[in-house]
Amino acid sequence: MAGDGFVEVRGADRGGNVVPYLFAVALMVTGPIVYAAADGGTVGIVLTVVLLPLGIGVWRGVTRAKRRLLRLDEVGLPATAVVLSVEPISEDPTVRVRLLVKGPDVPEFVVEHDTRYDPALKPGNTLVATVDPDDHLDFELDY
């Protein structure tokens, strides 16, 4: 999930994927476990101060992404996204994709998003999209 509202669905699990939550819990408990195992100590305190908020942030991020995807399943409107341009933006396979999103009940809009390269992301290709009716910049692509 990116800050511009774009939700990428590759491998997204709308159900009970516990791995991200277990990762968040592992982050949250590492500091207190090290602190308890070392009978106190600076390392345990530092790990707690750093990893506990990070774990909480990961938990909240996963929960928000899941909630957004479930909302799109419930109220999302069908649309299409035409790839207007694709340009590499870094040495890794990250590209900036410019899309024209439109549909029967969705006003036409253009959006740019940074994502990993995929062969389906070629100028002129039409992708299937689902758009949130209340926030047109919150959508997902199926490719």
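A short reminder: the numbers here are calculations on the coordinates, not readings from a lab. Nothing here was measured: the structure is a model prediction, and the numbers come from that model. Neighbour counts run over all protein chains shown; Cβ positions are idealised from the backbone, glycine included.
Positive end of the charge dipole of the range 10-89 (Lys, Arg +1 and Asp, Glu -1 on Cβ, about the Cα centre): tell me which of Leu70, Thr30, Gly55 has its Cα farthest that way.
Working it through, the farthest residue towards the positive pole turns out to be Leu70.
For the range 15-65, state the semi-axes of the equivalent ellipsoid (square roots of 5 times the eigenvalues of the alpha-carbon gyration tensor), sorted largest first and rounded to whole angstrom.
Rounded to whole Å, the semi-axes are 25, 10, 4.
Have a look at the DSSP beta bridges in the chain and tell me what percent are antiparallel, nearest 5.
In the chain, approximately 90 percent of DSSP beta bridges are antiparallel ones.
For the range 107-119, in order, what is each residue's ³J(HN,Hα) by Karplus, 6.51 cos²θ - 1.76 cosθ + 1.60 with θ = phi - 60°, in whole Hz (x at glycine and Pro)?
x, 5, 8, 10, 9, 10, 8, 8, 8, 6, 5, 9, x
To the nearest Å, what is the center-to-center distance of the range 22-45 and the range 69-143, using C-alpha atoms only?
Answer, in whole Å: 41.
Radius of gyration and Dmax for the range 76-142's Cα atoms, expressed in Å?
11.8, 38
Tell me the label only: which of [x] 51, 48, 25; [y] 63, 37, 20; [z] 72, 33, 24 is Cα extents along the principal axes in Å as calculated from this structure?
Only one listed value fits the structure, namely [y].
Between the helical axis of 42-75 and the dominant principal axis of the chain, each derived from Cα atoms, what acute angle in degrees is found, rounded to the nearest 10?
30 degrees
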